[in-house]
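The values are calculated or read from the model by the stated rules, or taken from the named source; none is laboratory data. Given the structure is predicted, the values throughout are model-derived calculations rather than measurements. Cβ coordinates were reconstructed from backbone atoms using ideal geometry, including for glycine residues, and neighbour counts include every protein chain displayed.
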Amino acid sequence: MISALRIGIWVAEAGSWFGGISYVENLVKSIATLPQRPKLVLVCTTSTRQYLERFQSIHAWVDQFVCLAQSHPWQIEEEIFSGIICQTYAQLFEQIDFLYPCLQAIDSTAVSYPHAAWIPDFQHVDLPQFFAQEDIDERNALFSEISVRSPLLVLSSQHTAGKFQSLYPDSPTIRRILSFHTFPDNEWYDADPAEIVSTYQLPDRFLICNNQFWQHKGHTILFDAIAQLQQCGHEISVVCTGDTSDYRNAGYFQQLQQQIRDLRLSDQVYILGAIPRHHQMQLMRQSLAIVQPSNYEGWSTIVEEAQTLGKPIVLSDFPVHLEQNPDRALYFSQGKAQSLAATLSEALPTLVAGVDPASEAIARQRALERATAFAKQFCQIAWESQFIFSRKPQTMSSQLWDMLSAPLTLNPVSNSIAPPSSTTHPAAEPSMAQNVPIQNPSGPDDVEHLRSQLRRTQLELTQAQAELRQVFTLRRNVNQAVEQAKVFKASAEERLSGIQHLNQVAEERSRLIEQLHQVAEERLQLIEDLSQAAEERLVLNESLEHQANEFAARANKFEARANEFEARANEFEAKSTRSQQKVERLQQRVEKLKRSLDSSKQQVSELEQQISELEQKVVYLSSLQGISRTLRKKILRRS
């Protein structure tokens, strides 16, 4: 039945900020991939038609475009618009059955049409220092109006819902919590992130923060933490993407740039600004981890994207972040740079740049499941709105609508929910509901008494019908919850299977690392043996040098060769010293072998190369010893 609905996606307001754009994109794509889905209509106004360009990525996913031109409709007609133009809400709701998201209380002429308001968060209440008083007053007035005039309200999190309840405890509006999830686009996973990294000339290892440069997003905390890591010897690069303007504080971005210079982080912080979304996703895939230091979120898009890509994320312990509960989360104390630095310091040795195909594949499947559940929950709200506003979807037959919206009656025998019976006299139904027989009236008083009794019984029956309708709705919701529980159980079993597979992979990697550690220890022992041999050769070389000097005193004609031999011996001594230094560095690298499989392979290769060099030097020493012996024999024969 959901396919009978036509859902209008209201871009007039959501298109004015990046969070709203992302929200609408994920909503449309998630709904469009349902096996049975409603018709999707993108709705704009005369003044906000420009926002349609920002939703270019979902144009192919929607079925129709509609422009609500309440004033100056000729401005649309004069231009090319491949959609339907409506001048009133009545005309608009001839094209759609439900309108969402409405960030403001809808026009009084349309309040009776099915729609849902949306309040993303109450940041102006919790962080008033970031708002002008005029903005605070405007938002308070807007949300107060929504609490009174909007029959249906959508909130993104339990945190926001609790805040609404505390601010507007007497609001009659019906509230639904709808937490959005990121839809996994196939193109994200098919691209090579190394190409995008090269495009922006970024280092191989970096963290990434994708927040807009707004005061509450926590960039100052992030930069302070990176500076603290630098002081401890951990130099790590950070890539920052996002719009650099904050309408509430025009000079904020310049303050951040000055902070970067003061902390001497110019070589570590890469600010890219607003970049294409595809580029942003590839940089996230290539990164070591995603950092979300924000002090306030309604429901974080960055957290959802990290889950979609299977990347680790370091984030503040803000209540909404805890509510989102991403799979690979590392939390730090909100607003505390020292806590963030400590969390990063502990995590960095274990973080690996690039894509982990196994983790990403599991994350991709789970993201699709979350997006599907998100779309189904939204469709349930849209369907529910038809009954809240008592408005039949235009594509639904009247017979089906009458059956779905018919009032419930009480069966006097079985006490169960049943449709009204056509064989029972209407005046007898109230009496039968209470098993009170109707007697023939004997006079005016009896008639009046019966009428009074009938009115009371009708009132009681109406109340009973309302209660039974609630029971019926509750039963239907319970059945839906059971079905969702089955889906969640199946999803949990799949996740458990994936976790078990990851555990097996981890055990195999652990065994391989242990083997590499053993090989590294054997190589280290061999290096120590070779070092000892080199020292012995050095002692022998000094003895040969002394004898050569004596021979040079006896025979002037061999003086030049003896000097050359001495120079070579000194050079070898210097090389031996450098070899000892290399051995010490190798010992340090061997310790790092225990931390990473990739670095272990690289260091073992370096050790083999250096061992080969030492062996060549030993051979060279042997040849020098042979030359020395030959020289001594020749000198003896000549003397």
**Request:** Filter the range 229-260 down to residues that are among the hydroxyl-bearing types (Ser, Thr, Tyr) and in contact with a helix residue (DSSP H, G or I) (Cβ under 6 Å, 6 or more places away or on another chain) and give me whichever is nearest to Leu344 (Cα to Cα).
**Result:** Thr241
**Close pairs (8 angstrom Cβ cut-off, 6 or more residues apart or separate chains): part of a loop (DSSP other than H, G, I, E, B) in the range 305-317, surrounded by fewer than 24 Cβ atoms within 10 Å (Cβ to Cβ) and of a type in the set (Asp, Glu) anywhere** = Gly310/Asp327; Gly310/Asp356; Gly310/Glu360
**Asked** Has the range 324-336 got at least one residue that is of a type in the set (Asp, Glu) and in a helix (DSSP H, G or I)?
**Response** no
**Asked** Under 6 Å by Cβ, and 6 or more places apart or on different chains, what pairs join a residue from the range 498-521 that is assigned by TED's automatic domain parsing to the domain that holds Val604 and in contact (Cβ under 8 Å) with a residue 40 or more places away in the chain with one that is of a type in the set (S, T, N, Q) and part of a helix (DSSP H, G or I)?
**Response** Leu516/Ser600
**Hits in the range 23-38 (condition: over 13 Å from Ile58 (Cα atoms) and free of Cβ contacts under 8 Å to residues at least 40 places away in the same chain)** = Pro35, Gln36
**Prompt:** Residue check, Phe98 against (1) among the hydrophobic types (A, V, I, L, M, F, W, C); (2) out of contact with any Pro (no Cβ under 6 Å at 6 or more places or on another chain); (3) within 23 Å of Ser385 (Cα to Cα), all met but one. Which one?
**Reply:** (2)
**Fill in**
For the range 45-59, the count of residues that are hydrophobic (A, V, I, L, M, F, W, C) and either in contact (Cβ under 8 Å) with a residue 40 or more places away in the chain or over 24 Å from Gln380 (Cα atoms) (or both) equals 2
**Prompt:** So which helices (runs of 4 or more DSSP H) are wholly in the range 85-183 and hold at least 2 residues that are free of Cβ contacts under 8 Å to residues at least 60 places away in the same chain and within 30 Å of Gln64 (Cα to Cα)?
**Reply:** 89-92, 133-149
**Prompt:** Do we find that Ser287 is without any contact (Cβ under 8 Å) to a residue 24 or more places away in the chain, out of contact with any helix residue (DSSP H, G or I) (no Cβ under 8 Å at 6 or more places or on another chain) and polar (S, T, N, Q) in this structure?
**Reply:** no
**Prompt:** Only one of (1) part of a loop (DSSP other than H, G, I, E, B); (2) closer than 15 Å to Cys209 by Cβ is not met by Ile302, so which one is it?
**Reply:** (1)
**Request:** Evaluate the range 584-602: report whether one residue or more is closer than 30 Å to Leu636 by Cα, modelled with pLDDT of 80 or more, of a type outside the set (Asp, Glu) and part of a helix (DSSP H, G or I).
**Result:** no
**Asked** Can you name the condition, by its number, that Ala14 falls short on among (1) among the hydrophobic types (A, V, I, L, M, F, W, C); (2) buried (at least 21 other Cβ atoms within 10 Å of the Cβ); (3) modelled with pLDDT of 90 or more?
**Response** (3)
**Message:** Yes or no: the range 305-323 includes at least one residue that is touching a Cys at 6+ places or on another chain (Cβ under 7 Å) and either among the polar types (S, T, N, Q) or surrounded by 21 or more Cβ atoms within 10 Å (Cβ to Cβ) (or both).
**Reply:** no
**Prompt:** Given the structure, is Ala90 closer than 30 Å to Gly335 by Cβ and at pLDDT below 95?
**Reply:** no
**Asked** Only one of these conditions is not met by Leu42: (1) outside any helix (DSSP H, G or I); (2) at pLDDT 95 or above. Which number is it?
**Response** (2)
